[in-house]
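The values are calculated or read from the model by the stated rules, or taken from the named source; none is laboratory data. These numbers come from a predicted model, not from an experiment. Cβ placement follows ideal geometry from the backbone for every residue including glycine, while neighbour counts extend to all protein chains displayed.
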């Protein structure tokens, strides 16, 4: 079971890149572009849609209008999980229908 973290603030740093702050004072700068694949995340390649991210203050997480979200614990520990997300995204690109 992961520790519970709450996203308390965020801002856009660059295209597809957000600075995210958590309730324990940790912050991360996250480039989401390498992980935008699959049914839920691929639509976020549309920068206009990506930029419509908001902080849901009921669940303290970042949410996009298409209901895409990442686990706050994964965002908090992004340096440790980013490669796993990127490999997952790459594997989806290799699948042909």
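Scanning region 6-30 for residues that are part of a strand (DSSP E or B) and either modelled with pLDDT under 95 or touching a helix residue (DSSP H, G or I) at 6+ places or on another chain (Cβ under 8 Å) (or both) returns 7, 17, 20, 22, 28, 30. Being more than 21 Å from residue 7 (Cα to Cα) and out of contact with any strand residue (DSSP E or B) (no Cβ under 6 Å at 6 or more places or on another chain) holds for only one residue in 89, 68, 82, and it is 89. Would you say residue 87 is touching a residue at least 24 places away in the same chain (Cβ under 8 Å) and out of contact with any helix residue (DSSP H, G or I) (no Cβ under 7 Å at 6 or more places or on another chain)? The answer is no for residue 87. A residue that is surrounded by fewer than 15 Cβ atoms within 10 Å (Cβ to Cβ) and within 20 Å of residue 9 (Cα to Cα) occurs somewhere in region 75-89. In region 46-75, how many are over 12 Å from the mean Cα position of the chain (by Cα) and farther than 18 Å from residue 29 by Cα? Residues in region 46-75 being over 12 Å from the mean Cα position of the chain (by Cα) and farther than 18 Å from residue 29 by Cα: 9 in total. Checked against the criterion of being surrounded by fewer than 16 Cβ atoms within 10 Å (Cβ to Cβ), out of contact with any helix residue (DSSP H, G or I) (no Cβ under 6 Å at 6 or more places or on another chain) and modelled with pLDDT under 95, the candidates 57, 52 yield just one match: 57.
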